[in-house]
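The values are calculated or read from the model by the stated rules, or taken from the named source; none is laboratory data. Since this is a predicted model, take the numbers as computed values, not measurements. Here the Cβ positions follow ideal geometry from the backbone for every residue, glycine too, while neighbour counts run over all protein chains shown. Quick note on the areas: whole protein, heavy atoms, side chains included, nothing else; ligands and nucleic acids left out. Shrake-Rupley method; radii C 1.70, N 1.55, O 1.52, S 1.80 Å.
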Amino acid sequence: MANAFHSRMIRIFLALALSLALAVTLFGCGNMNRGGQTQSAEKSKQVKTENINDRTVIPFVQRGGAQLISMRDLVIALQLRAKMDDTGNVYLIGDHDPAIEIPLKTKVAKVGEYPVTLSQAAVMIDGVPHLTVQDTEKLFSDMIRSKKTKNGLEITRTKDEIIPQDDPDFFRDDPADPAARTSAFLPATATAALANVDMNRVISTAKRYLGVKYDFGAKPYPQSGTFDCSSFTRYIFGKFGVQLPRTARAQSREGVWVSRQALWKGDLLFFYVPGRFKSNRVAGHVGIYMGKGKMIHSSPKPKDGVQISNINKPYWKKVFLTAKRVAY
């Protein structure tokens, strides 16, 4: 009886020990699983945050019952350039030149050369201009898609349309330039509206300014000694009696369209700036075609200032928008 009782007690003890060990194991794994799930959830949350990098929410600033958007926050989100003009009364925003002008004392802003009436004048908060959501969406309508959320204005980047790059000779000279002065891509009637200019002199004049520093929103060269992209083209052509608007966006509406495969010296080349929260249909940069696949332009990079670039490179092929002839 004693042996049977002893054996029974041993079995009970072993069963209890096994149950305890199993419980510890299960609870231990349960804690590890919960930790693993929390860690996975954190990772998942991080991934989702990273996956929405084409959207930025700019928080509202409440002032006088209105929801306002900080132009500084917007400029940072869109990776644009901005500065106050010399008078301290106009806030300039753009890529390579000031495409948008926001006055601090009136309600008439500018997009390129075109006036845009705001619902109210900009509100200065801590030295930064703020606009209403309505006015922000109006001024930047061709750069962004936006929608109001409970936390702020959500800015969505538009997708770039990649231009095919499989042609190694994407930009080509028109063999009719400059001898015949006619081209299958330029109707003969169109030349009547254009000034007849010695483009070799235009190019040689532009080259005199190689190395002149780039300055976003540059004042006229005689005052500032600097250029941005469109002030450079405007200054050079102005020397030959061809008057161009101030911004690349406005200049892209001038002249007549020409094919990128039938370019003449002096044609203006327009590009969008990639990697920004904007449409790729808006000209953000302009240069002067020199012939043989070369362009002279003012840019902050790859060098700083007036420089010559080979446009038969993947970057320029990708971001090219249009070519316009403003003189011949």
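Observations on the structure shown:
- Segment 201-276: C-alpha gyration tensor shape, a/c 1.5 cut-off, then a/b vs b/c: oblate
- Each residue, Arg63 and Thr117, gets one label point 7 Å from its Cα in the Cβ direction; the gap between the two is 2.3 nm.
- Note that segment 219-273 presents 35 Å² accessible area per residue, ligands and nucleic acids not counted, probe 1.4 Å.
- Accessible surface of Arg249 - all protein chains present, 1.4 Å probe, nearest 10 Å²: 10
- Highest-first packing order for the peptide set 291-298, 127-134, 111-118 is 291-298, 127-134, 111-118, based on the mean count of other beta carbon atoms within 10 Å.
- Cβ-Cβ FRET estimate between Asp126 and Arg281, R0 fixed at 41 Å, reported to 0.05: 0.75
- Estimated distance in nm for a label pair at Glu154 and Lys83, the labels positioned 7 Å out from Cα along Cα-to-Cβ: 3.6
- Estimated distance in nm for a label pair at Ser259 and Ser204, the labels positioned 7 Å out from Cα along Cα-to-Cβ: 3.1
- Remark: for residue pairs Lys138/Lys301; Lys265/Lys313; Lys207/Lys292; Lys239/Lys301; Lys105/Lys147, the C-alpha separation exceeds 23 Å in Lys138/Lys301; Lys239/Lys301; Lys105/Lys147.
- With the charge dipole of segment 198-328 set up from +1 on Lys and Arg Cβ and -1 on Asp and Glu Cβ about the Cα centre, the Cα lying farthest toward the positive end among the listed residues Phe240, Phe270, Thr205 is that of Phe270.
- Cα-based shape type of segment 205-328, given that a ≥ b ≥ c are square roots of the gyration tensor eigenvalues and the cut on a/c is 1.5: rounded
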